[in-house]
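Asker: Can you read through this structure? Questions will come right after.
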Amino acid sequence: MKPAQESKGAAIDLESISKAYGGFKALDGVSLRIEPGEFMTLLGPSGSGKTTTLNVVAGFTDVTSGKLLVGGRNVVGVPAHKRNIGVVFQHYALFTHMSVGRNVAYPLTLRGVDQAERKARVARALDMVKMGDFAHRYPSELSGGQQQRVALARAIVFDPPLLLMDEPLGALDKKLREWLQLEIKRIHRELGTTFVYVTHDQEEALVLSDRIAVFNRGRIEQVGTGRELYDEPATLFVGRFIGDSTVLRGEVRSDGASTALTIAGETVTAPRRIAGETSPVMLLRPEKLAIRRPGQDAAGTTNRLPGTIAEAIYLGSGSKYEVRLDDGSTAIVRSPLTGDSFGLGDKVELCFDGADAKLLAEDSSADATLT
Amino acid sequence: MSASDPTNAPVAQPAAEGRPGWAWRPFALAAPALILLVAVIGYPLFIIVLRSLSEPQWGVQNYVWFFGAPVNLTVLQRTFAISAWVTLVCVIAAYPYAYLMTAVGPRVRLALVLCVLIPFWVSGVVRTLSWVILLQDSGVINSLLRAAGFDGIKLIRTQTGVVIGMAQVLLPFMILPLYSVMKGIDLRLMRAAQSLGARPSRAFFTVYLPLSLPGVYAGAIIVFILALGFYITPALLGGPRSTMLSTLVQTQVLSLLQWGRGGAMGVVLLVATFVLLALAAPVMRSRYREAGRH
Amino acid sequence: MEMKPLTRLLLGLVCLLVAIWLVAPTLVVVPMSFNENKSLAFPPQGFSWQWYQNFATSPEWSASFLNSLKVASVVAVLATVLGTLAAFGLDRMKAGPAGLLRMLMLTPMVVPGVVLAIGIYAVYLDTHLVGTMLGFVLAHTILALPFVLIAVSASLEVFDRRLETAAASLGAGALTAFRTVTLPLILPGILSGLLFAFATSFDEIVVSLFITNPYLKTLPVQIFSSITRDADPTVAAVGTILLLATTLLIGGGMLLLGRERKGRQ
């Protein structure tokens, strides 16, 4: 995150924004502060409210209630064309009847920028996205990736203090997407503008963002850096949505110092209590799990669960295993190449340190929305 | 802007969804056209229906007269027969033509399209005039026949002449929908059929023809409906023995000033047209959807 | 699809005949228009320009031609404005009412001409619109409207409305977005609607025959009465002029379209 005084970007404050369509609440009291110059990603499954939030900020959608401050000014009720916010769409939205140059010049023409300056700024914006040689082409002559770069140039050419991007790489293939992610990161660094980026791809979010806001069912579940979301998920939904995870469910017993979970006759414990009434589950990251042959000595680990290898995937840097536990659930384990390797059907024991287990409240939507 | 937040000054907004006051806007845009439609189509048709039931006095006497007079029934039957013939001729002529349009290169296709569009755009009266010149007793066809040593044949004021002329005028309405459907047929399906062991002719009849039927159907309905209401071509090319319903309507109203009877005939023609359309619409829609799927 | 050479030949032959049937009959007016005799009998005798002169000088012919031009021009503008507005309205309506209204607005295309003609005639007799410019304009506009609606709707269907949103995000108000983005993109549809509307009016005969009077005739009415009255080759001259004008318009339009498309590629 950049310090505010250095940045040309605007701060954004969403204060309990709600948006209802009839009885359906697309946004249910969303509050979020985005710092000037920050790269904030709105992440979530489709229908979670991330795109609605972006549309609210852009001015394409009215809010039912709440306040929206851009650079300290309440913009609720200000029409989209007076907000001076750049938007990049998934579908490029280039004007097919204008050349690339005229597309990029369009916002400058609207703002009455004189021709000489217009020309210079268009050239600068196109150079920034490495499309400087294409000013005289028409959008229909460009590939998807090129069109999106032109769209990006058009959205930044008028120096908006805020740039919104709505799944801009969604229609592109993987290789191009990964390359453009780096380009977008570079442009963000060079401009110092506040970026708000919508995606449903958690890897993309992790690559790009300073911070990520995870959306679910019209609410924000958690806001934090990628690392915070991965290491300290606030909810089961966040834990499941970001990265691979194993969720252990069982009969819960809790005393003052620790929580124990009994799964198919075996008991595992974690040295913490969970607050609240809902029955907790344990969430474990793949690299915090280890597998051993049954009976093998496993010093240092407190918890063991018997299971069977259901899938073994060689990843180059290591191996990924899916272990079927006796209660029917599946654990995901990543192990380095050194050490034992296992084959399909091998009986194994799953070992982990209770301190690595996150105790989280059960949330039925966490599984449903991931399919 | 949210209605519950009175602190915000009202600002002009771009069209956004869910603002109750804006729902009428599309209707306002369509309103002028609709008003004209009601005034210049709706009201006159209403007057015709009204007159058919009220002149000379209230009742269904005009319809009783229409369906009671053999002459009228003969004309009604002839109108349908001529329309059916015209449709048949159009299907037979248009099918290979439209097919060829899909099978040739862009240059030949342009030529073929122009051949369809130019007569389509040239004034209908002028085209009918051409047919008069061609078909009349001292016309092109008869002069050529006589020059070749044959007897002249009677073409003008015959049903054959009417069918030939009408079919030529209506042919573009058959070719264009047919072409648009055929253009969408995946020719690889024919290859697939042949690879499965079908002879080319069998592949055509079992694969291509069924896929092109929606176009045939759409074109045939349009041609038949337009033919039913044809007036100018039969009036100029036809004789007393090839009178169609439209001519009869015109005679009743303009010559005999029988608004009731003319109106009743018009209503019969109108109802026949709309019944046909109503019958065809659902089939046409589903067929089109099917054709559009691949 | 591969065809046997024989099938290919046969198909080509059939299509050639159809093409001749489509085009040749119309061309027959050309030789007739240079006939020396006042007759439409074939073959024409000699060569003369007199029927073209007659068209240009006879008050009957030139007046009807000017009437048609006037009516068709007004109709083209009026129908294009009304039809374009309606097409936008229908495009922005819910599917249900839009479908119903669209069907209603297309009825002028399928209502049998004579039925419509006697209806309009009846109303015009009551409202004293028979033989008036206004009468012609109103009737022709309603007949031309469906063509404009179809043409503009077709280009609205392929127009991506999200471009308006994009324009708004770049700073364009609703009107500016319409002027700089929407209008240029649907202009081909509007122009072809305009052309269709003009042609429909210029060509209209059935309703015109009923609402005409000796003081106000349009060109098709004049042609029709000339054909039914006597064998005046002036009609052939008029037909030739119309044929030439149409071919030039269509050919030129297609060339222009083709060139523009090429320029963009």
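The values are calculated or read from the model by the stated rules, or taken from the named source; none is laboratory data. Being a predicted model, the structure only gives us computed values, none of them experimental. Positions of Cβ are backbone-derived with ideal geometry, glycine not excepted, and every protein chain shown enters the neighbour counts.
Asker: Given the conditions (1) facing chain B (nearest Cβ under 10 Å); (2) surrounded by fewer than 19 Cβ atoms within 10 Å (Cβ to Cβ); (3) touching a Phe, Trp or Tyr at 6+ places or on another chain (Cβ under 6 Å), which single one is not true for C:Val114?
Answerer: Among (1) facing chain B (nearest Cβ under 10 Å); (2) surrounded by fewer than 19 Cβ atoms within 10 Å (Cβ to Cβ); (3) touching a Phe, Trp or Tyr at 6+ places or on another chain (Cβ under 6 Å), the lone unmet condition for C:Val114 is (2).
Asker: Name the single residue that is surrounded by the most Cβ atoms within 10 Å (Cβ to Cβ) among those in region B:188-215 being basic (Lys, Arg) and not in a loop (DSSP other than H, G, I, E, B).
Answerer: B:Arg191
Asker: Any idea which of B:Gly42, B:Gly68, B:Gly59 is at pLDDT below 90 and not polar (S, T, N, Q)? Talk me through it step by step, then tell me what you get.
Answerer: Values: B:Gly42 fails: at pLDDT below 90; B:Gly68 fails: at pLDDT below 90.
Every option except B:Gly59 fails the conditions.
Asker: Check B:Ile185, B:Ile164, B:Ile175, B:Ile153 and return the single one that is touching a residue at least 24 places away in the same chain (Cβ under 8 Å), not basic (Lys, Arg) and not in a helix (DSSP H, G or I).
Answerer: That would be B:Ile185, the only listed residue that is touching a residue at least 24 places away in the same chain (Cβ under 8 Å), not basic (Lys, Arg) and not in a helix (DSSP H, G or I).
Asker: Kindly evaluate A:Arg73 against the criterion of being assigned by TED's automatic domain parsing to the domain that holds A:Tyr230, under 21 Å from A:Ile212 (Cα atoms), surrounded by fewer than 23 Cβ atoms within 10 Å (Cβ to Cβ) and of a type in the set (Lys, Arg).
Answerer: Details: assigned by TED's automatic domain parsing to the domain that holds A:Tyr230: yes; under 21 Å from A:Ile212 (Cα atoms): no; surrounded by fewer than 23 Cβ atoms within 10 Å (Cβ to Cβ): yes; of a type in the set (Lys, Arg): yes.
Considered against the rule, which asks whether it is assigned by TED's automatic domain parsing to the domain that holds A:Tyr230, under 21 Å from A:Ile212 (Cα atoms), surrounded by fewer than 23 Cβ atoms within 10 Å (Cβ to Cβ) and of a type in the set (Lys, Arg), A:Arg73 comes out as no.
Asker: Count, please, the residues in region C:205-219 that happen to be crowded, with 19+ Cβ neighbours inside 10 Å and either of a type outside the set (Val, Ile, Thr) or within 14 Å of chain A (Cβ to nearest Cβ) (or both).
Answerer: Residues meeting the conditions: 6.
Asker: For residues that are over 16 Å from the mean Cα position of the chain (by Cα), crowded, with 20+ Cβ neighbours inside 10 Å and among the small types (Gly, Ala, Ser), scanning just region B:225-241, find the one that is nearest to the other protein chains (Cβ to nearest Cβ).
Answerer: Among those residues, the one meeting the criterion is B:Ala235.
Asker: Find the residue count for region A:198-217, including only residues that are within 17 Å of A:Thr52 (Cα to Cα) and crowded, with 23+ Cβ neighbours inside 10 Å.
Answerer: 7
Asker: From the list C:Asn67, C:Asn35, pick out the single residue that is touching a residue at least 40 places away in the same chain (Cβ under 8 Å) and over 21 Å from the mean Cα position of the chain (by Cα). I'd like the intermediate steps shown before the answer.
Answerer: Values: C:Asn67 fails: over 21 Å from the mean Cα position of the chain (by Cα).
Residue meeting the stated conditions: C:Asn35.
Asker: Oh, and also: Which condition number does C:Pro59 fail, the rest of (1) under 30 Å from C:Gly239 (Cα atoms); (2) of a type outside the set (Lys, Arg); (3) touching a helix residue (DSSP H, G or I) at 6+ places or on another chain (Cβ under 6 Å) being met?
Answerer: (3)
Asker: A follow-up question, please. Would you mind telling me which numbered condition in (1) modelled with pLDDT under 90; (2) touching a strand residue (DSSP E or B) at 6+ places or on another chain (Cβ under 6 Å) A:Ser317 fails?
Answerer: (2)
Asker: Counting only residues that are in contact (Cβ under 8 Å) with a residue 60 or more places away in the chain and of a type in the set (A, V, I, L, M), which one in region B:92-110 is nearest to the other protein chains (Cβ to nearest Cβ)? Before the answer, list the steps.
Answerer: Quick first cut of region B:92-110, residues in contact (Cβ under 8 Å) with a residue 60 or more places away in the chain only: B:93-95, B:97-99, B:101-102.
Among the residues that remain, those that are also of a type in the set (A, V, I, L, M) are: B:93-94, B:98, B:101.
Details: B:Ala93: 5, B:Ala94: 8, B:Ala98: 9, B:Met101: 9 Å.
Ranking the qualifying residues of region B:92-110, first place goes to B:Ala93.
Asker: Something else about it: Check A:Thr53 against each of (1) in a helix (DSSP H, G or I); (2) in contact with a Phe, Trp or Tyr (Cβ under 6 Å, 6 or more places away or on another chain) and name the one condition it does not meet.
Answerer: Against the list (1) in a helix (DSSP H, G or I); (2) in contact with a Phe, Trp or Tyr (Cβ under 6 Å, 6 or more places away or on another chain), A:Thr53 comes up short only on (2).
Asker: Inspect region C:155-176 for any residue being closer than 30 Å to B:Ala272 by Cβ and more than 24 Å from the chain's Cα centre (by Cα) and give the result as yes or no.
Answerer: no
Asker: A further question on this structure: Hey, among C:Ala177, C:Ala166, C:Ala151, which residue is closer than 30 Å to A:His91 by Cα, touching a Ser or Thr at 6+ places or on another chain (Cβ under 9 Å), facing chain A (nearest Cβ under 10 Å) and crowded, with 18+ Cβ neighbours inside 10 Å?
Answerer: C:Ala177
Asker: If you scan region A:328-349, which residues turn out to be closer than 15 Å to A:Leu248 by Cα and surrounded by 15 or more Cβ atoms within 10 Å (Cβ to Cβ)?
Answerer: A:Ser329, A:Ala331, A:Ile332, A:Val333, A:Glu349
Asker: Return the only residue of A:Arg189, A:Arg149 being without any contact (Cβ under 8 Å) to a residue 40 or more places away in the chain and touching a helix residue (DSSP H, G or I) at 6+ places or on another chain (Cβ under 9 Å).
Answerer: A:Arg149
Asker: Looking at region C:165-220 only, could you name the residues that are among the charged types (D, E, K, R) and in a helix (DSSP H, G or I)?
Answerer: Correct list: C:Arg179, C:Asp203.
Asker: Can you confirm whether B:Leu196 is closer than 20 Å to B:Phe120 by Cα and among the hydrophobic types (A, V, I, L, M, F, W, C)?
Answerer: Judged against the criteria, B:Leu196 is not a match.
Asker: While we're on this one: Counting only residues that are surrounded by 24 or more Cβ atoms within 10 Å (Cβ to Cβ), in contact (Cβ under 8 Å) with a residue 40 or more places away in the chain and of a type in the set (Val, Ile, Thr), how many does region C:220-234 have?
Answerer: 0
Asker: Please enumerate the residues belonging to region B:73-130 that are outside any helix (DSSP H, G or I) and more than 19 Å from B:Thr233 (Cβ to Cβ).
Answerer: In the first step, residues of region B:73-130 are kept if they are outside any helix (DSSP H, G or I); the result is B:104-105, B:122-123.
Scanning region B:73-130 gives B:Val104, B:Gly105.
Asker: Hey, another quick one. For region B:78-87: of the residues being under 13 Å from the mean Cα position of the chain (by Cα) and among the hydrophobic types (A, V, I, L, M, F, W, C), which is nearest to the other protein chains (Cβ to nearest Cβ)?
Answerer: Among those that are under 13 Å from the mean Cα position of the chain (by Cα) and among the hydrophobic types (A, V, I, L, M, F, W, C), it is B:Val86.
Asker: Here is a further query. Tell me, yes or no, whether region B:67-74 has at least one residue that is more than 14 Å from every other protein chain (Cβ to nearest Cβ) and hydroxyl-bearing (Ser, Thr, Tyr).
Answerer: Checking region B:67-74: at least one residue is more than 14 Å from every other protein chain (Cβ to nearest Cβ) and hydroxyl-bearing (Ser, Thr, Tyr).
Asker: Here are some residues: C:Phe136, C:Phe202. Which one is under 30 Å from C:Asn67 (Cβ atoms), facing another protein chain (nearest Cβ under 10 Å) and among the aromatic types (Phe, Trp, Tyr)?
Answerer: Step by step, each of C:Phe136, C:Phe202 is checked, and only C:Phe202 is under 30 Å from C:Asn67 (Cβ atoms), facing another protein chain (nearest Cβ under 10 Å) and among the aromatic types (Phe, Trp, Tyr).
Asker: Give me the residue from region B:247-261 that is in a helix (DSSP H, G or I) and free of Cβ contacts under 8 Å to residues at least 60 places away in the same chain and, out of that set, farthest from the other protein chains (Cβ to nearest Cβ).
Answerer: Here the answer is B:Ser255.
Asker: B:Phe120 is checked against (1) within 22 Å of B:Lys183 (Cα to Cα); (2) at the interface with chain C (Cβ under 8 Å from one of its Cβ atoms); (3) at pLDDT below 90 and fails just one. What number does that condition carry?
Answerer: (2)
Conditions (1) in the same structural domain as A:Ala10 (by TED's automatic domain parsing); (2) in contact with a Gly (Cβ under 9 Å, 6 or more places away or on another chain); (3) of a type in the set (A, V, I, L, M); (4) modelled with pLDDT under 95, marked per residue:
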| residue | (1), (2), (3), (4) |
| --- | --- |
| A:Ala153 | yes, no, yes, no |
| A:Leu163 | yes, yes, yes, no |
| A:Arg189 | yes, no, no, yes |
| A:His200 | yes, yes, no, yes |
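Asker: On the given criteria, is B:Ser212 more than 12 Å from chain C (Cβ to nearest Cβ), over 30 Å from B:Ser246 (Cβ atoms) and in contact (Cβ under 8 Å) with a residue 12 or more places away in the chain?
Answerer: Numbers: more than 12 Å from chain C (Cβ to nearest Cβ): yes; over 30 Å from B:Ser246 (Cβ atoms): yes; in contact (Cβ under 8 Å) with a residue 12 or more places away in the chain: yes.
Answer is yes for this residue.
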